[in-house]
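Throughout, read-outs are computed from the coordinates displayed, never taken from laboratory work. Since this is a predicted model, take the numbers as computed values, not measurements. Neighbour counts run over all protein chains shown; Cβ positions are idealised from the backbone, glycine included.
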Amino acid sequence: MVKTALASALALALALPAMAQQELGIKKLDIDSIAPEVLEQAKQISLQGRAATDALQQTEDMTWVKSLAENIVVQEAQRRMEADQPKADQVGEAQQTKPEKKHPLGDGHRTLIFVSFSMGDQAIMDLMSLYDGQAATGIVFRGIPNGVSMADAVTRMHRMTQETQSTVSVLLDPLAFQRHGISLVPAVAIETPEDKLVAKVTGISSVEYLQDAIAEGKKGDLGIIGQPVDISEPDLMTVAQQRLEELDYDAMKKRAISRFWDVHTGHYLPAATEPARRRVDASVLIPQDILDSEGKVVTPAGRINPLAMRRFDQKLVVIDPTKAWQVDLAKREKASAPLGVTVSIMATQIPSTSGWELFNATQDSMDAPLFLLQPDMASRFGIERVPSVVTADDTHFIVTEHTEASVQEVAHANP
């Protein structure tokens with residue numbers, strides 16, 4: 001029993017960060033002086049505690065934790081609204097570190113058959129039938145015809161594949177046209193996995209001809225054979241670039257910001273009609289046994305109380321920011337919070353008519369970030385009315401509801 005108690009204390013001490021050990025005046029343990037069996041028991045206690053905590057966070061009953069993270073979307077929106085445009089070198093660095101996508105035709109050498117709607121649907125469908133089932137082979141378009149929507153162009157391509165029942169890949173890849181200098185169709189090119197040209201020929205669509213030429217040692221541009229036609233579709237990348245240049249980013253940004261509060265509405269709650277104080281069960285359901293690495297049961301299925309594992313070092317203050325007296329309550333709750341307690345102030349609603357003006361004014365008044373209350377968080381903590389202040393004891397969350405009269409009474413008693 002003594003060894004068990006010592007092991008428990010040891011597990012707790014091992015879990016303390018070095019900084020906390022120094023600040024609390026805890027002497028660092030001399031591991032060599034402790035019996036091996038006690039060390040092993042301490043290790044198991046530590047592992048069991050971690051396993052229980054991890055499993056607890058994975059239960060559906062802990063969805064309220066997600067709400068804390070989701071609230072950051074409001075703060076992030078405000079940060080982006082105020083931030084400068086990214087620097088050119090930062091954009092370049094981000095592009096360099098962006099992972100490359102795999103090519104739809106695979107990782108090896110690829111055969112590209114360049115086409116255009118100017119060739120006629122039947123000629124394109126003949127190619128789809130001819131190369132049906134051939135690996136690493138694709139029918140490639142440069143763009144969509146002028147005056148035709150992307151949806152209509154894709155529908156047209158899909159109709160041709162349906163009529164031919166072909167499984168050949170059909171790609172919309174203007175970069176491939178640029179890469180290999182394709183200005184007339186049909187054309188065929190074989191390229192390496194690094195997008196380098198092996199050989200190409202213009203005016204015909206015979207892959208066999210190009211393969212025979214490569215086998216004879218010919219490489220690069222093999223010229224024009226047959227009767228090619230012009231490409232009717234404009235380069236999709238050029239069109240996209242032109243449209244981007246025509247966009248009014250400042251106007252788009254302002255519209256997005258103005259619509260933000262139409263989407264992020266919060267979770268409306270009615271006002272408290274009388275002071276109240278409730279205790280809410282903090283326990284959560286463990287749907288199945290928690291096992292350690294050896295398959296032993298650490299915590300059996302059932303209910304477990306997270307407050308028994310970790311102290312609730314938070315104070316949640318839920319207010320309607322349209323009411324000045326509730327904002328004042330939040331300021332007083334923040335100022336009176338004990339050392340080591342984090343105060344999170346949450347709004348039940350931000351009317352779209354006042355939006356950012358109200359949001360920023362409330363934050364400035366409280367000198368603290370403001371978050372939006374989410375429905376699952378309100379449910380988890382048993383928050384039913386505003387304003388409410390949530391704290392906790394050893395086993396329960398404690399929800400205290402206030403009225404304007406009760407708040408003013410406290411304010412007068414503690415000027």
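Here are some notes:
- Charge dipole (Cα centre; +1 on Lys/Arg Cβ, -1 on Asp/Glu Cβ; no other charges) of the range 276-413 amounts to roughly 200 debye.
- Dividing the alpha-carbon radius of gyration of the range 206-360 by the rule-of-thumb value 2.2 N^0.38 Å gives 2.17.
- Counted residue by residue at 0.36 nm each, then reduced by the alpha carbon distance between them, the extension gain from Ala135 to Ser354 reaches 73.0 nm.
- Relative contact order for the range 280-401, counting Cα pairs under 8 Å that sit 6 or more residues apart, in percent: 29
- Set against the 2.2 N^0.38 Å expectation for a compact globular protein, the range 197-288 has a Cα radius of gyration ratio of 2.67.
- For the range 110-239, radius of gyration divided by Kirkwood radius, i.e. Rg to Rh on alpha-carbons: 0.95
- Globularity index of the range 276-413 is 1.26 (Cα radius of gyration / 2.2 N^0.38 Å, N = number of residues).
- Top positive-direction residue, dipole computed over the range 283-337 with Cβ charges, set Ser336, Ile286, Val298: Ser336
- Residue-span extension gain [Thr395 to Ser206] - 0.36 nm each, minus C-alpha spacing: 60.4 nm
- Placing +1 on each Lys and Arg Cβ and -1 on each Asp and Glu Cβ, with no other charges, gives the range 110-239 a dipole about its Cα centre of roughly 180 debye.
- Rounded Å value of the spacing that divides the Cα centres of the range 280-355 and the range 228-275: 34
- Distance from the range 391-406 to the range 119-173 (C-alpha centre basis), Å: 65
- For Tyr249, Tyr131, order by how many other beta-carbon atoms lie within 10 Å, fewest first: Tyr249, Tyr131
- Counting only Cα atoms, the size of the range 347-388 along its three principal axes is 29, 23, 14 Å, in decreasing order.
- When you filter the trypsin sites (Lys or Arg not before Pro) in the range 205-306 for DSSP loop state and at most 16 other Cβ atoms inside 10 Å of their Cβ, you are left with Lys218, Lys219, Lys296.
- Which of Glu333, Glu357 has the fewest Cβ neighbours within 10 Å, and the rest in rising order: Glu357, Glu333
- Amide H within-cut-off set for Val229, under 5 Å, with H built and near neighbours excluded: Val185
- Here Val407, Val280 are placed in order of increasing Cβ neighbour count within 10 Å, fewest first, which gives Val280, Val407.
- Basic side chains Lys and Arg get +1 at the Cβ, acidic Asp and Glu get -1 at the Cβ, and with that the dipole of the range 290-337 about its Cα centre reaches some 180 debye.
- Of the GluC sites (Glu not before Pro) found in the range 168-275, the ones in coil according to DSSP and having at most 16 other Cβ atoms within 10 Å of their Cβ are Glu194, Glu216.
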